1. Report the label-to-label distance for K60 and E86 in nanometres (one decimal), using points 7 Å from each Cα along the Cα→Cβ vector.
2. Once label points are set 7 Å from the Cα along Cα→Cβ at both M135 and E111, what is their separation, rounded to one decimal in nm?
3. Tally Lys/Arg at +1 and Asp/Glu at -1 over every other residue whose Cβ is under 12 Å from the Cβ of D94; what's the total?
4. Spin-label point model (7 Å from Cα, Cβ direction): what's the A45 to M75 distance in nm?
5. Can you give the Kirkwood hydrodynamic radius for segment 42-101, in Å, rounded to one decimal and based on Cα pairs?
6. Less than 15 Å Cβ to Cβ from L69, Lys/Arg counted +1 and Asp/Glu -1: what total charge do the surrounding residues give?
7. What ranking of I5, I126, I44 emerges when the number of other C-beta atoms within 10 Å of each C-beta is taken as an exposure proxy, fewest first?
8. So how do H119, H88, H76 line up by other beta-carbon neighbours within 10 Å, fewest first?
Amino acid sequence: MSEHIKYRKEVEMKRLVIVCLSSALLLVVTSASFAQERPCAADIAQFCGNVQPGEGRIAKCLKQNEAQLSPGCKMHLVQVKEALKEAHQACEDDIAMFCGGVKPGEGRVVECLKANKAHLSRKCKIKLFEAKKEMK
């Protein structure tokens, strides 16, 4: 075989390897980003499929099944909990002002804050937005 043909085959093989590696990397990145978008989707389907969303019912279901949740979902729930804690701290004055008579639990305070959204402090709105983003 001539040197030119060997060179062309080598170049062709390198191109094929690059295409394969690029495709594999794209698949991994796409799968990872989908998993990051909805880290608890499979857990919700498995453990809470019959639970009607709203009023904290999905969160309650996840908490009841915490021991069986996937590691990714558990990690996500820790992040959500931290974001909610930060939002609660940022909204303490707003909660006292607008939701003082609301019994905490089952999403009632959050619903109260939503109802008073137009009147909330800027820092409260920002932290609530961040917490909401984290929950997706």
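1. About 2.8 nm separates the two model spin labels.
2. 1.3 nm
3. On the way: positive: K114, K117, R122, K123, K125, K127; negative: E92, D93.
In short, +4.
4. Going from the A45 label point to the M75 one covers 2.0 nm.
5. On the way: mean 1/r = 0.0763 Å⁻¹.
After inverting the pairwise mean of 1/r, the radius is 13.1 Å.
6. Details: positive: R38, K60, K63, K74, K81; negative: D43, E66.
Here the charged neighbours net out to +3.
7. The order, fewest Cβ neighbours first, is I5, I126, I44.
8. Working: H119 11, H88 18, H76 22.
Final ranking by Cβ density, sparse to dense: H119, H88, H76.
Bear in mind these aren't lab numbers, they're just calculated from the coordinates by the rules spelled out. If you're wondering where the values come from, they're calculated on a predicted model, not measured in any experiment. Here the Cβ is made from the backbone with ideal geometry for all residues, glycine too, and neighbour counts use every protein chain on show.
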